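Beneath this line is the structure, given in structure tokens, with notes to follow.
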Amino acid sequence: MNIPYLKLETVHAAVKDELREKFESVLNNEWFIQGKECDEFEKKFAEYCGAKYCVGVGNGLDAIRVILQAYGIGDGDEVIVPANTFIATVLAVSYVGAVPVLVDADINSYNIDIEKIENKITNRTKAIIAVHLYGRIAEMDAIRNLAEKYDIKVIEDSAQAHGAVYKKKKAGNLGDAAAFSFYPGKNLGALGDGGAVVTNDKELADKVRAICTYGSYKKYDHQLKGCNSRLDEMQAAFLSIKLKYLDNWNAERKEIAAFYNANIHNDKFILPMVKADEIDGHVFHIYPVLCENRENLIEYLAAKEIMTNVHYPIPIPMQGAYKEEEWNMEEFPITKRICAQEVSIPLYPGMKKEEIQYVIDSLNNY
């Protein structure tokens, strides 16, 4: 039995005819940038998140970067970021000239350790980026309390958390602003690249839109040093269609994850530890297991034609792009452990019961 790590075909099968029809519509309309499709998706996605405003941008990294720029965060400022994240979160901070200040992960959630944030706050701290890693929302109450205490912004990196819920509120409506990615493999993925900024702050939304349109609030009148980062009409149109199915797809993900949790029994692994009050809110973009001998497990599963992935094998402090920072990995023992042991196993909408059971049996027999 051959089981890929991710199979987009199973997601697209239900919407293929709608996608083709919408492609023809956009093509025939001959308006490909900042038209009615983008406007419609922005309204739908803001409403879905429970927020007032959404601005489509080119990708998830740009979404974080332009939020920081719009808030005036730049040279000499500090931004707190979890050490256990994809490098894009940290790159966005660097691109605006600010300093990324890393905080270790929590071994139970793999998100930022809220007990270690306050010691990293200084008079130069301007924001905390809360990454909702693997589809699990960070401890936002504690993060917001710290932000209010020190008068700093909270930015959600929701790239892996489309539709995730925290205390009855969705990702995108839990901080001052949120960044989303619509990379094809995300829970809500485009058929190319794309991203969005979601917020309840009209001034911020307007400034983000201006920055992403060459720094212009009005055509040919450039008040800001902006960039070109816009969600195109075709991708916006596709996303509007797929958004209708997102909750159903997320429900499938949660069902598969629950079945894994209940039926994988092997003390060589640590499964995702999800508290009872988090189960419904976690959307399992990724199902990570920790295994001390990761390479052996990957080879074992590959021999059984079960494909896996690793998120993320090289910790941010060890990336060559940040060698000048001279971060000490001893400060990030949990991040180091997760990066050394994490294996992502197949989990996607449309997985057949026999495929799920085969993965479980293979892991139990390891």
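The values are calculated or read from the model by the stated rules, or taken from the named source; none is laboratory data. Worth saying up front: this structure is predicted, and the values here are computed from it rather than measured. Positions of Cβ are generated from backbone atoms using ideal geometry, with glycine treated the same way; all protein chains shown enter the neighbour counts. Side chains included, ligands, DNA and RNA excluded: accessible areas come from the protein's heavy atoms. Shrake-Rupley method; radii C 1.70, N 1.55, O 1.52, S 1.80 Å.
Here are the numbers for the structure shown:
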read-out: Members of the range 234-278 found to be closer than 27 Å to residue 365 by Cα and not in a helix (DSSP H, G or I), listed by number; value: 264, 265, 266, 267, 268, 269, 270, 271, 272, 273, 274, 275
read-out: Identity of the residue in the range 40-69, open to solvent by less than 10 Å² (accessible area, probe 1.4 Å) and either among the hydroxyl-bearing types (Ser, Thr, Tyr) or closer than 13 Å to residue 127 by Cα (or both), that ends up nearest to the chain's Cα centre (by Cα); value: 64
read-out: Long-range neighbours under 9 Å by Cβ, at least six apart or interchain, first residue closer than 13 Å to residue 267 by Cα and open to solvent by 10 Å² or more (accessible area, probe 1.4 Å) within the range 284-303, second modelled with pLDDT of 95 or more and not in a loop (DSSP other than H, G, I, E, B); value: 292/340; 292/341; 293/341
read-out: Those strands (runs of 3 or more DSSP E) lying entirely in the range 91-206 with at least 3 residues under 14 Å from the mean Cα position of the chain (by Cα); value: 125-131, 153-157, 177-181, 195-199
read-out: Residue under evaluation residue 338, criteria (1) farther than 20 Å from residue 160 by Cβ; (2) outside any loop (DSSP other than H, G, I, E, B), criterion not met; value: (1)
read-out: Within the range 141-152, considering residues that are open to solvent by 10 Å² or more (accessible area, probe 1.4 Å) and in contact with a helix residue (DSSP H, G or I) (Cβ under 7 Å, 6 or more places away or on another chain), the one nearest to residue 80 (Cα to Cα); value: 146
read-out: Failed item, numbered, when residue 82 is tested on (1) crowded, with 23+ Cβ neighbours inside 10 Å; (2) more than 19 Å from residue 180 (Cβ to Cβ); (3) not β-branched (Val, Ile, Thr); value: (2)
read-out: Breaking point among (1) among the acidic types (Asp, Glu); (2) open to solvent by 20 Å² or more (accessible area, probe 1.4 Å); (3) in contact (Cβ under 8 Å) with a residue 60 or more places away in the chain, for residue 104; value: (2)
